[in-house]
Ligand SMILES: Nc1ncnc2c1ncn2[C@@H]1O[C@H](COP(=O)(O)OP(=O)(O)OP(=O)(O)O)[C@@H](O)[C@H]1O
């Protein structure tokens with residue numbers, strides 16, 4: 001645990017030091033769970049968004065993108081169920097006065113049991129070496145089986161109680177598990193209460209005419225209310241999808257873990273409209289497709305897993321998360337939900353307008369079913385950033401800090417470095433930049449010895465360093481150094497563009513999904 005915390009602290013401080021993420025309003029001591037993306041962070045975030053948009057919208061003929069407003073008519077949130085049911089169960093500790101999500105306290109308790117299982121697995125793997133079969137061990141080792149059963153039964157009971165709104169039982173569970181306040185160690189808890197996560201605001205100038213509004217807690221509803229507009233104007237035929245990226249706001253009770261859980265964040269969502277009855281098939285297809293998208297980034301198959309939900313939201317008939325191995329363990333990165341016709345039917349009911357599709361093949365009208373994929377852009381950022389940050393032991397007994405971002409996502413693709421600040425080398429470097437900047441985000445750096453500059457670019461995640469030296473004056477060649485291997489090649493300046501394109505183009509990366 002201590003190592004995990006330490007690694008995570010390194011991630012947070014590296015994000016600040018290298019211009020990725022700052023705390024919002026830091027000069028006023030910050031605002032809890034709100035963050036700003038800095039000069040490198042905003043580029044990385046944009047690149048992740050574009051990588052998603054390319055895969056989702058441009059590469060799928062049957063998916064189009066929209067950009068709906070954050071403000072929506074307040075009835076939207078009545079219809080969607082958010083006014084009545086977008087709650088988290090909260091519990092206060094009477095001694096420390098700290099507030100927690102009751103379900104998170106229980107899940108953290110279960111995570112500790114799961115950590116014990118991992119420990120047993122690691123021990124056994126060491127003991128048995130090559131002969132170790134993890135699956136068999138998990139199924140047959142008595143202690144591990146007991147741990148697993150305990151973890152499952154806790155989660156099942158919690159899911160059931162939350163579903164039945166039995167908050168007294170959630171409190172009993174916390175007491176039975178002897179869960180203490182992580183801050184104070186006290187077990188003096190209040191009852192569990194529901195807390196609505198939507199932020200309210202007002203539209204209009206005068207107090208009398210002002211209308212109560214909400215900042216949207218998810219982007220999905222902007223798509224549902226536009227379903228028929230898009231279908232008609234785009235002449236879309238079912239099955240088809242509508243995608244969008246944009247801000248969402250949730251007044252999270254416990255906002256923690258850096259940009260993992262924020263109060264203002266960005267979602268990338270796609271709602272896929274289908275014939276009723278075909279939801280199982282599409283749900284499976286989208287689960288598979290989304291995992292492939294993640295794997296295309298090459299961050300290791302072992303770092304992802306599916307978590308199928310037992311406890312379903314009020315709108316869903318199936319739901320799964322793609323979990324990623326964050327520095328603090330496996331956690332939800334993306335959700336895939338089979339939302340039935342719940343949202344469109346609710347909007348029909350509350351607006352009094354028909355939201356139906358005439359299926360020319362079946363020759364009938366129906367309210368389509370929906371399978372959605374929903375991923376947090378900030379969470380994806382954290383996944384990519386934390387996975388990429390590595391400390392490497394080098395042959396000469398030094399370590400280097402390197403941010404091995406997938407090159408396609410790296411904020412700056414290349415740094416151009418004149419070996420010295422004289423003899424015309426900076427001029428050549430600037431000329432190279434003039435040419436490359438139309439294709440890539442590139443940077444110039446002439447300060448310090450070249451070795452230090454390499455290290456700086458490694459830590460900032462720049463995949464290539466291009467060094468201009470005296471030989472460049474004679475034969476128009478430079479060295480290009482690869483961040484991950486530290487290998488250097490002598491190449492003609494005229495070849496640079498093609499070399500970089502090959503490594504950073506989305507095509508190369510996204511074709512891995514095929
Ligand atoms: N507060 C938040 N900060 C950052 N990202 C978030 C936040 N809430 C949700 N997301 C992202 O949006 C995605 C889809 O939202 P969804 O409503 O399914 O999340 P959720 O199940 O409520 O998440 P969680 O269980 O972590 O609260 C999540 O998978 C996550 O990546």
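Here, each number is a calculation from the coordinates, and none is a lab measurement. If you're wondering where the values come from, they're calculated on a predicted model, not measured in any experiment. FYI the Cβ positions are ideal-geometry reconstructions off the backbone, even for glycines, and counts take in every protein chain you see.
For q values of 0.20 Å⁻¹, compute log₁₀ I(q)/I(0) with the Debye formula on a Cα-only model of region 209-255, without solvent. Here log10 of I(q) over I(0) equals -0.78. Axis angle, to the nearest 10 degrees, between helix 279-295 and the longest C-alpha principal axis of the chain: 30 degrees. Ordering of 393-404, 240-251 by packing is 240-251, 393-404, highest average first (other Cβ atoms within 10 Å, averaged per residue). Once both axes come from the Cα atoms, what is the angle between helix 377-388 and the longest principal axis of the chain, in degrees from 0 to 90, rounded to 10? On a 0 to 90 degree scale, this one is about 50. A simple spin-label model places pseudo-atoms 7 Å from Cα toward Cβ; at residue 119 and residue 69 they are separated by 5.5 nm.
Checking a compactness column here: for the chain, what do you get for Rg(Cα) / (2.2 N^0.38 Å), N being the number of residues?
Details: Rg = 26.0 Å, N = 514, 2.2 N^0.38 = 23.6 Å.
Taking N as the residue count of the chain, the ratio is 1.10.
Could you tell me how many degrees, from 0 to 90 and to the nearest 10, lie between the Cα long axis of helix 2-17 and the main elongation axis, the longest principal axis, of the Cα atoms of the chain? It is inclined by approximately 60 degrees. Evaluate the Debye formula for region 78-206 with equal point scatterers sitting on the alpha carbons, no solvent, and hand back log10 of I(q)/I(0) at q = 0.09 Å⁻¹, in q order, two decimals. The Debye formula, applied to the Cα set alone, gives -0.40. Here the contact order of the chain, divided by its residue count and restricted to Cα pairs under 8 Å and six or more residues apart, works out to 14 percent.
With N as its number of residues, region 256-377 has a Cα radius of gyration that, divided by 2.2 N^0.38 Å, comes to 1.22. Only helices enter this figure: runs of n ≥ 4 DSSP H residues, each worth -39500 (n - 2.57), summed and divided by the residues of the chain, yield -12000 deg cm²/dmol at 222 nm to the nearest 500.
Contact order for region 412-513, expressed relative to its length and based on alpha carbon pairs under 8 Å spaced 6+ residues apart, stands at 26 percent.
For a protection proxy built on the mean count of beta-carbon atoms within 10 angstrom, sort 46-56, 367-377 highest first, please.
For the peptides 46-56, 367-377, the packing ranking is 367-377, 46-56.
Pairs of C-alpha atoms in region 412-513 farther apart than 23 Å represent 20 percent of all such pairs.
Report, to two decimal places, the Cα Rg of region 154-276 normalised by 2.2 N^0.38 Å (N = number of residues).
Values: Rg = 20.5 Å, N = 123, 2.2 N^0.38 = 13.7 Å.
So region 154-276 has a normalised radius of gyration of 1.50.
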